[in-house]
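The values are calculated or read from the model by the stated rules, or taken from the named source; none is laboratory data. This is a predicted model, so every value here is computed, not measured. Glycine also receives a Cβ, built like all others from the backbone with ideal geometry; neighbour counts cover every protein chain displayed.
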Amino acid sequence: MTDPRLWLSVLEVGCFFALLGLAYLVVLQGSGFFNLAIGPYAMLAALGWTGLVVQADLDPLLALVVSLVAVVAVAVLTELVVVRPIERRSGDSEFPALVAVAALLFALSQGAGLLFGRLPLPGQRLLDIPPVRIGDLALAPSSIVLVGLTVVAFGGIAILARRTPMGRALRAVGDNRQAARLLGLRVGRVRLAAFAVSGLLAAVAGIGFASRGGVTYDIGLHWALLGFLAVVIGGTGSWFAPLVGGLVLGLAEVMVPYYSGGQYADYAVLLCALLFFGFRPNGIFTRAVRV
C-alpha cells in the first residue's frame with residue numbers, strides 16, 4: 001500500500017473513470033436524459049485518432065482535431081436523430097429513447113471495428129516529453145496529460161455551471177423541462193449543448209486514457225459501464241461527485257488485482273456497485289431537490 005506507483009495507477013484510472021462520469025453528469029443535468037453512449041464516444045475518439053495516424057498517415061494534430069469534431073458531431077446527432085424524435089413520438093417518455101441509444105452503443109462499436117479494424121491499436125502521445133521524476137517515482141507523459149485534463153475538465157465545467165447563463169440554463173432544463181420552456185429557455189438548443197459538451201468530455205477521456213494502454217473497437221461498452229458506476233458512486237449532488245466516484249472505482253480496479261490477482265478486478269468493481277446500489281443508491285453526494 002505504500003508503493004507510490006500503485007497510487008499513481010489509482011489516480012490515472014480514477015481520473016479516466018471520473019471524466020466519463022462527468023460526461024454522463026453533464027448530459028443528465030442539461031437534458032434530463034441518461035446517455036448510455038458515453039463509452040462508445042470515448043472509444044470512437046481514441047480509435048479514430050490512432051487509426052487516422054497509424055493507418056491513414058495523417059498528421060497527429062490534424063487527426064486529433066478531426067476525431068474530437070467527429071465525436072462531438074456524433075453526440076449532437078444522437079440527440080437530433082435518435083433521442084429527440086423518439087421522445088416526441090412517445091410523449092416525452094425516456095425508456096424508448098434509452099433502448100434506441102443502447103442499440104446505438106453497439107452500432108458505434110461495430111462501425112468503429114469496420115472502419116479501423118478489430119485488432120488493438122496503440123494510443124498516441126499527447127505530450128512528447130521524457131518522464132518527470134519526483135523522488136523515486138517517474139511520471140510518464142500520459143499520466144501528466146490524463147491528470148491535467150481531469151483538472152481542467154472539472155474546473156471548467158464547475159465554472160461554466162455556476163458562473164455563466166449557459167450553465168444555469170443547463171441546470172434548469174435538466175431539473176424541469178416544461179418549466180424551462182415556460183421561462184422562455186430554448187430547451188432544444190440547451191439539450192444540444194449538453195450532448196455536445198458531454199461528447200467532447202468523453203472524447204477527451206478516451207484520447208487521454210488510450211495513450212496509457214491502447215484501445216480496441218469493443219471497449220466502449222466496458223467504458224460506458226464504468227463511467228455509469230462513477231456517477232452511481234459519486235452521486236449527482238456536485239459537479240465533483242464523479243471525481244470521487246471515479247477514484248473509488250480506481251482504487252478497487254488497481255488495488256484488488258494487485259493483492260488478490262487480476263481475475264478479481266471485475267468482481268471488486270461489481271461489489272462496489274452492489275454496495276452503493278444497496279445501501280446508498282443516491283451516491284455519496286446527494287442532489288438537492290428544488291421545489
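Which pairs do you get when a residue that is in contact (Cβ under 8 Å) with a residue 60 or more places away in the chain and under 18 Å from Val10 (Cα atoms), found in segment 146-163, comes within reach of a residue that is in a helix (DSSP H, G or I) and among the basic types (Lys, Arg), reach meaning Cβ atoms under 7 angstrom, with the pair 6+ apart or on two chains?
From residues that are in contact (Cβ under 8 Å) with a residue 60 or more places away in the chain and under 18 Å from Val10 (Cα atoms), the pairs are Leu146/Arg212.
Restricting to segment 136-167, and then to whatever is part of a loop (DSSP other than H, G, I, E, B) and not β-branched (Val, Ile, Thr), can you tell me which residue is nearest to the chain's Cα centre (by Cα)? Give the steps one after another, and end with the answer.
Filtering segment 136-167 for residues part of a loop (DSSP other than H, G, I, E, B) gives 136, 140, 164.
Then drop every residue that is not not β-branched (Val, Ile, Thr), which leaves 136, 140.
Details: Asp136: 32, Ala140: 22 Å.
Of everything passing the filter in segment 136-167, Ala140 is nearest to the chain's Cα centre (by Cα).
Of all residues in segment 111-135, which are assigned to a loop (DSSP other than H, G, I, E, B), in contact (Cβ under 8 Å) with a residue 24 or more places away in the chain and in contact with a helix residue (DSSP H, G or I) (Cβ under 7 Å, 6 or more places away or on another chain)?
Selection gives Pro122, Gly123, Gln124, Arg125, Leu126.
For the condition crowded, with 24+ Cβ neighbours inside 10 Å and not acidic (Asp, Glu), what is the one hit in Gly32, Gly21?
Gly21
Filter segment 95-109 down to the residues that are surrounded by 15 or more Cβ atoms within 10 Å (Cβ to Cβ) and either in contact (Cβ under 8 Å) with a residue 60 or more places away in the chain or at positive phi (or both) and list them by number.
Selection gives Ala97, Leu98, Val101, Leu104, Leu105, Leu108, Ser109.
Taking Val82, is it under 22 Å from Leu28 (Cβ atoms), crowded, with 16+ Cβ neighbours inside 10 Å, touching a helix residue (DSSP H, G or I) at 6+ places or on another chain (Cβ under 9 Å) and free of Cβ contacts under 8 Å to residues at least 40 places away in the same chain?
yes
Based on what the data block shows, is Gly235 small (Gly, Ala, Ser), under 21 Å from Val10 (Cβ atoms) and touching a Phe, Trp or Tyr at 6+ places or on another chain (Cβ under 7 Å)? Working first, answer last.
On the way: small (Gly, Ala, Ser): yes; under 21 Å from Val10 (Cβ atoms): yes; touching a Phe, Trp or Tyr at 6+ places or on another chain (Cβ under 7 Å): yes.
Yes: the conditions hold for Gly235.
For segment 189-205, name all the residues that are in contact with an Asp or Glu (Cβ under 9 Å, 6 or more places away or on another chain) and of a type outside the set (A, V, I, L, M, F, W, C).
Within segment 189-205, just Arg191 meets the criteria.
Would you pick out the residues in segment 186-219 that are assigned to a helix (DSSP H, G or I) and more than 21 Å from Leu126 (Cα to Cα)?
Of everything in segment 186-219, those that are assigned to a helix (DSSP H, G or I) and more than 21 Å from Leu126 (Cα to Cα) turn out to be Val187, Gly188, Arg189, Val190, Arg191, Leu192, Ala193, Ala194, Phe195, Ala196.
Considering only segment 59-79, state which residues are more than 20 Å from the chain's Cα centre (by Cα) and surrounded by fewer than 14 Cβ atoms within 10 Å (Cβ to Cβ).
Asp59, Leu61, Leu62
Let me confirm something: among Leu221, Leu200, Leu192, which residue is closer than 17 Å to Thr150 by Cα and either surrounded by fewer than 23 Cβ atoms within 10 Å (Cβ to Cβ) or modelled with pLDDT under 90 (or both)?
Leu200
Return the residues of segment 7-58 that are within 15 Å of the chain's Cα centre (by Cα), farther than 22 Å from Gly156 by Cβ and not hydrophobic (A, V, I, L, M, F, W, C); say none if nothing qualifies.
Scanning segment 7-58 gives a single hit, Pro40.
All but one of (1) farther than 19 Å from Ala196 by Cα; (2) in a helix (DSSP H, G or I) hold for Ala100, so report the exception by its number.
Unmet for Ala100, out of (1) farther than 19 Å from Ala196 by Cα; (2) in a helix (DSSP H, G or I): (1).
If I go through segment 262-279 residue by residue, how many of them are surrounded by fewer than 14 Cβ atoms within 10 Å (Cβ to Cβ) and either in contact with a His (Cβ under 6 Å, 6 or more places away or on another chain) or in contact (Cβ under 8 Å) with a residue 40 or more places away in the chain (or both)?
Looking only at that region, the number is 1.
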